[in-house]
Every structure is written in C-alpha cells, then in structure tokens.
Amino acid sequence: MIGNIFGIIVVFLCFGFIIFIHELGHFLMARRVGVKVLEFALGFGPKLWSKKDEKTGTLYALRAFPFGGFVSMEGEEIKEGEKVNPDDPTNFQNKTRWERMQVIAAGPLMNYISAILIFIFVGFAFGVGEMYLKPKVGKVLDNSPASKIGLKEGDFITSINGTKVTDAMEMIDLIHKHPAKNIDVTYTRDGKEYSVSVETMVREFQIDDDKDANGLKVIEKDGKKYVQMGLLGFQPDTKSLDIRFKRVSAGAVFKDCFDKTWKFTISPFVAVAMICKGQVKSKEVIEGSSGPVGIGQMFFEMYNKGFPALIFFIAIINVLIGVFNLIPFPALDGSKILTLGIAAIIGKDFDPEKENMVHTIGFIILLAAVVFFTYNDILRLVKGISFFK
C-alpha cells in the first residue's frame, strides 16, 4: 500500500465521495427548507482549504482528517446559555419537526440513492456483482473426518464427487447432501493437487416444514421433522472473500439492485441476531468488523481488482453508511429522527441544550469505538492479513 501512491489517492477519493454524498443530502435539504448552512466540510480537524460564499454565508472547507465530514447549520447545536431567536426564519430550531426530520434523513437517503444508481450502472456495464467466499479451508476440528484425511487450514477444495466448486457455499451444499456417505474430495496445497475419499459425519437439525429442507434428506422422529446433514468437520476461511460479475437481463439487474440494497441494509441486524442465537460468537463478529483504516484497506484491495470491483464496493459501503446513520444511537441521524418523531407524538420538543449534551456523549462513545476498531485495523495491516483474496 505504501508503495502505491495512486492507490492511496484512490482510497481517499472513495472516502471523500461517500462522505460528500451523505453531507450533500443534508446540505441540499437544509437549503430547500430555508435553514442557513454555516459550513459544509469534508474531513475533521484543521482547515486545509476554505472558501466562503458571500451570498449565502456558507463556508466550504477541506479539513485535515478525511474520515468524516459535517454540515453545520444555524441553530442545530444550542450551547449552554444560548438563546434561539424565534423571529429568525433560517434557524434550524424554528423549522417544523417535519422539515427538521427531512434535513436529517436526507444524508442517509442520499447514500441509498447513490448505492442504487451504482448497482444499476455496474449491472448494465459489467454484470451484477456478487461477494462470495472461496472454497478455502479454515479451522479444522480435531478428530473430524477432515482432520483424519489430513486437510489443513489454507487448503483449497476444488471438487466434491467430481463436481467442480468455485465458492464455499457450493462446497458446503454438496457435502451436506451426503450424510454418512463416502465422498471424493479434491483439493490443492502449495500448487499440488490431492484426491481423497472420506466418509462424512451426520448431524440432524429440526425443521418446521419440508420446504426448509433445501434438498436434504428428511426424517421423522416422535412426530417431529429433521434433516440429515453431511459434515467433514472444518470451517471455510471467512477472510477468503472475492467478487465476481455475471451478465443478466435488464429486469434482473433492477431486481438484483434492490435485493442487494435490502441485503446489506439488514446485514448488521442479522449479525446481531446470530450472536443472540449463539450461531456465531461476538468475538468473531468484532474481529471481522472494521474502522476507517480497515475500510480503506478494503478499498485498496478492491482498487487492485479493477474498476468494476471498486465502484461495486463503493455502493456497498454507501448502503452500510446509510443504515449505520439510521441507527437510533445518540449523535447519529437515526437518534435525531427518533427524537423528532417522539416530539411529534407528545406534541412538545425536547430541550435542545440537553439533547445536544446527549448527542455529545454519544459522539464520544462512537469516537472510542472508532479508536478501538482502528487499533485492530492497524494490527491487521501489520500482520499482512487481507480482506479479499
């Protein structure tokens, strides 16, 4: 990364684009409803460049630290002892709750619009994009069929029973369909190919309906239905991500665009649900999460895969930034929207000074989380661990 200056510039441009799109939403809606914008900034910290629009009074600025940005509006933040002039029509606090809600929601909305347009462009220009796991062996369980035949972490599975596999889900599905049966496994290690035959383990999982079987063998016990699954006893390498593109019809491009937007919107909540159900460990989710540095590393790796992969990933991050900002946590747009919604129901605004204090506390907590994830990101970089292979 250090040796590829142009790649680093591209990473900063990617961050700048996503931040710009988000803040542009706030800015345009603020102007639309008549709120005075004091500053439109990309980045935080000391100003590197600034220019004031004398007509509108808005200061446009580029700041030193590029991982963020903001739109500062008249009356958005009320300091202790500060009073709002009720006769000032450009003050944020003097706008209706609906107008204030529109200004706040416009940022995440612009991220979503940007993502949808990019997904559509990529779909027509290069084919619909798909993130997938390569069929690479991760952790091998002790005393499992996989360990008995000598499979090791880092091996690549190339075929199951003569059927070529190109991603981990294909591999897993084929193994699952052969409970307590001998299967032929072909894999590569250090450029050499090996073929072995091994009998799978059997695991049974209860299902509610035959439709949930997904082609697996269904048995009944004590009036309950179960599926039998074949297992070899290893986990796919969750860090062996890659991206591919597939040409589809115009209708399928539009369908895929909205399917992907929805999929990445719910992905954080799916991860939380899996933790609560014990399907994954919280430690694994935290280790797989990233701060700004980690996202920058991902952009760099996608840049090395080519333009289609890079802009496709920009669309994904746009969705994730959009949904993250809609989470009702203090300092995020979602919290401010929720507060305005509650105020509309009870018919009374909250004290803006106290509300500001709550958002400040939330911002400090978020900043601490960024520092934590950035530390993990730097450790990952030092160890030379990639996100996408």
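The values are calculated or read from the model by the stated rules, or taken from the named source; none is laboratory data. All values derive from a computational prediction rather than experimental measurement. Backbone-built Cβ (ideal geometry, glycine too); neighbour counts: all protein chains shown.
Structure summary
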item	result
Residue tally, condition under 15 Å from Tyr194 (Cβ atoms) and in contact with a Leu (Cβ under 6 Å, 6 or more places away or on another chain), over segment 146-176	2
Yes/no for Thr188 being among the hydroxyl-bearing types (Ser, Thr, Tyr) and outside any strand (DSSP E or B)	no
Search result, residues across segment 97-136 that are hydroxyl-bearing (Ser, Thr, Tyr) and within 13 Å of Ile321 (Cα to Cα)	Tyr112, Ser114
Verdict on Leu133 being at pLDDT below 90, within 23 Å of the chain's Cα centre (by Cα) and hydrophobic (A, V, I, L, M, F, W, C)	yes
In segment 151-185, the residues that are among the small types (Gly, Ala, Ser) and either within 34 Å of the chain's Cα centre (by Cα) or in a strand (DSSP E or B) (or both)	Gly154, Ser159, Ala168
From the options Val285, Val272, Val323, residue that is β-branched (Val, Ile, Thr) and buried (at least 19 other Cβ atoms within 10 Å of the Cβ)	Val323
Strands (runs of 3 or more DSSP E) (entirely within segment 31-150) containing at least 1 residues that are more than 28 Å from Leu338 (Cα to Cα) and either of a type in the set (Asp, Glu) or touching a Cys at 6+ places or on another chain (Cβ under 6 Å) (or both)	128-133
Some residue of segment 31-42 being assigned by TED's automatic domain parsing to the domain that holds Lys95, under 25 Å from the mean Cα position of the chain (by Cα) and farther than 23 Å from Leu109 by Cα	no
Which listed residue is part of a helix (DSSP H, G or I), of a type in the set (Asp, Glu) and touching a Ser or Thr at 6+ places or on another chain (Cβ under 7 Å), from Glu301, Glu353, Glu287	Glu301
Whichever residue in segment 2-30 is among the aliphatic types (A, V, I, L, M) and within 16 Å of Gln297 (Cα to Cα) and, among such residues, is nearest to the chain's Cα centre (by Cα)	Ile18
Test: residue in segment 376-387 that is out of contact with any Phe, Trp or Tyr (no Cβ under 8 Å at 6 or more places or on another chain), within 22 Å of Phe20 (Cα to Cα) and either surrounded by 13 or more Cβ atoms within 10 Å (Cβ to Cβ) or of a type in the set (Ser, Thr, Tyr) (or both)	no
Any pair with Cβ under 6 angstrom, 6 or more apart, that starts in segment 175-204 at a residue that is in the same structural domain as Gly215 (by TED's automatic domain parsing) and free of Cβ contacts under 8 Å to residues at least 40 places away in the same chain and ends at one that is among the hydroxyl-bearing types (Ser, Thr, Tyr) and loosely packed, with under 14 Cβ neighbours inside 10 Å	Asn182/Ser197; Asp184/Ser197; Thr186/Ser195
Some residue of segment 301-314 being among the hydroxyl-bearing types (Ser, Thr, Tyr) and more than 25 Å from Phe20 (Cβ to Cβ)	no
Qualifying residues in segment 76-94 (those that are at pLDDT 85 or above and surrounded by 15 or more Cβ atoms within 10 Å (Cβ to Cβ)) - the one nearest to Glu353 (Cα to Cα)	Gln93
Where a residue in segment 228-255 is touching a residue at least 12 places away in the same chain (Cβ under 8 Å) and its partner, wherever it lies, is polar (S, T, N, Q) and buried (at least 18 other Cβ atoms within 10 Å of the Cβ), with Cβ under 9 Å and at least six apart	Met229/Thr200; Gly230/Thr200; Leu231/Thr200; Leu232/Thr200; Gly233/Thr200
One residue from Ile342, Ile337, Ile364, Ile327 being over 19 Å from Val103 (Cβ atoms), in the same structural domain as Phe70 (by TED's automatic domain parsing) and at pLDDT 90 or above	Ile364
Residue among Lys260, Lys246, Lys255 that is at pLDDT 90 or above and surrounded by 15 or more Cβ atoms within 10 Å (Cβ to Cβ)	Lys260
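Results for (1) outside the structural domain of Phe312 (by TED's automatic domain parsing); (2) closer than 26 Å to Asp256 by Cβ; (3) modelled with pLDDT under 95, shown as yes or no for each residue.
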{"residue": "Gly57", "(1), (2), (3)": "no, no, yes"}
{"residue": "Arg63", "(1), (2), (3)": "no, no, yes"}
{"residue": "Thr96", "(1), (2), (3)": "no, no, yes"}
{"residue": "Gln102", "(1), (2), (3)": "no, no, no"}
{"residue": "Asn111", "(1), (2), (3)": "no, yes, no"}
{"residue": "Leu117", "(1), (2), (3)": "no, yes, no"}
{"residue": "Ile120", "(1), (2), (3)": "no, yes, no"}
